[in-house]
1. Out of (1) assigned by TED's automatic domain parsing to the domain that holds residue 326; (2) surrounded by 15 or more Cβ atoms within 10 Å (Cβ to Cβ); (3) in a helix (DSSP H, G or I); (4) free of Cβ contacts under 8 Å to residues at least 60 places away in the same chain, the odd one out for residue 53 is which?
2. For the stretch 22-47, enumerate the residues that are under 29 Å from residue 213 (Cβ atoms), in contact with a strand residue (DSSP E or B) (Cβ under 9 Å, 6 or more places away or on another chain) and assigned to a loop (DSSP other than H, G, I, E, B).
3. Report, by residue number, each residue of the stretch 246-259 that is part of a helix (DSSP H, G or I) and touching a helix residue (DSSP H, G or I) at 6+ places or on another chain (Cβ under 8 Å).
4. Which members of the stretch 208-219 meet the condition of being assigned to a helix (DSSP H, G or I) and under 12 Å from the mean Cα position of the chain (by Cα)?
5. Condition test on residue 226, is it surrounded by 19 or more Cβ atoms within 10 Å (Cβ to Cβ), modelled with pLDDT under 95, under 21 Å from residue 191 (Cα atoms) and not assigned by TED's automatic domain parsing to the domain that holds residue 30?
6. Of all residues in the stretch 229-242 being within 14 Å of residue 283 (Cβ to Cβ) and out of contact with any helix residue (DSSP H, G or I) (no Cβ under 7 Å at 6 or more places or on another chain), which is surrounded by the most Cβ atoms within 10 Å (Cβ to Cβ)?
7. For residue 108, only one of the following conditions fails: (1) in a helix (DSSP H, G or I); (2) in contact with a helix residue (DSSP H, G or I) (Cβ under 7 Å, 6 or more places away or on another chain). What is its number?
8. Which one of these does residue 95 not meet: (1) more than 19 Å from residue 265 (Cα to Cα); (2) at pLDDT 95 or above?
């Protein structure tokens, strides 16, 4: 249920509404916009009479949310969520670019890539310290040592850090060095893990599962939101279809659909979405044109010898060219690259 508070309601009125909703057995989540405060009352009560709430002092309207995802829905929050960082924001008019290698391999590699993507205009350095690999014999990442290298390289060149946590035991260490915690496609429906992320103080970027519907994806975000972490962003990274010409099928339609259904920002990952280096830039252009709030791509100084995902990693000069093209497209739709 959504409870819309009157614009002239006092803080005492709002606290009173929350207290009574708690007495009815609801968990209450507050969203304060520019002109309106909205309360999300979460709880399965099919026979509850909303008139019991509408008569309370300070209540303008109370109505049921039909979507199974309550806190992620546009019904709960009409305005887009905007997450602020020290040198940019995600979800506003600017489009944020995140770039870096699939895996942190060594100090020279990560510093070289960080310098090149920073010069081209990226705001975040991405890179994996813990790598979910299909083969147990593949490179698994450097662990905390990799995170330390990323943090040093990012600080050296004025970047923020986004890196992946693979399970609950890694949340604390990834929080220590990263500004955003990335959750991979394989973990989109790891619900116990998502519950733990709800306790985190760091923003979370939730990648879409390989065969997930929009509703399933948003329900996964709901797990994090309901745990108290309101800083969740979605990431379209391609889905698995019958097509074999590309690694995955990049679903550009996800961008406008998620914007219509949810207030959460959405990031596009064309590197995983297409999986072929010379197709990454066209898909990045399409994602910006479709309304993505950010782009995350893989960049490597020597992709032919990368320890993981070299075939989909851009060369630094390709990344620089991509940034030039994205600026033109962003301007054409009334936005800009951060």
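The values are calculated or read from the model by the stated rules, or taken from the named source; none is laboratory data. This structure is a prediction, so every number in the text was calculated from the model and none was measured. All Cβ positions, even for glycine, are placed from backbone atoms using ideal geometry, and neighbour counts span all protein chains on display.
1. (1)
2. 26, 43
3. 254, 255, 256, 257, 258
4. If the condition is that a residue be assigned to a helix (DSSP H, G or I) and under 12 Å from the mean Cα position of the chain (by Cα), then 217, 218 are the ones that fit.
5. yes
6. 235
7. (2)
8. Every listed condition holds for residue 95 apart from (1).
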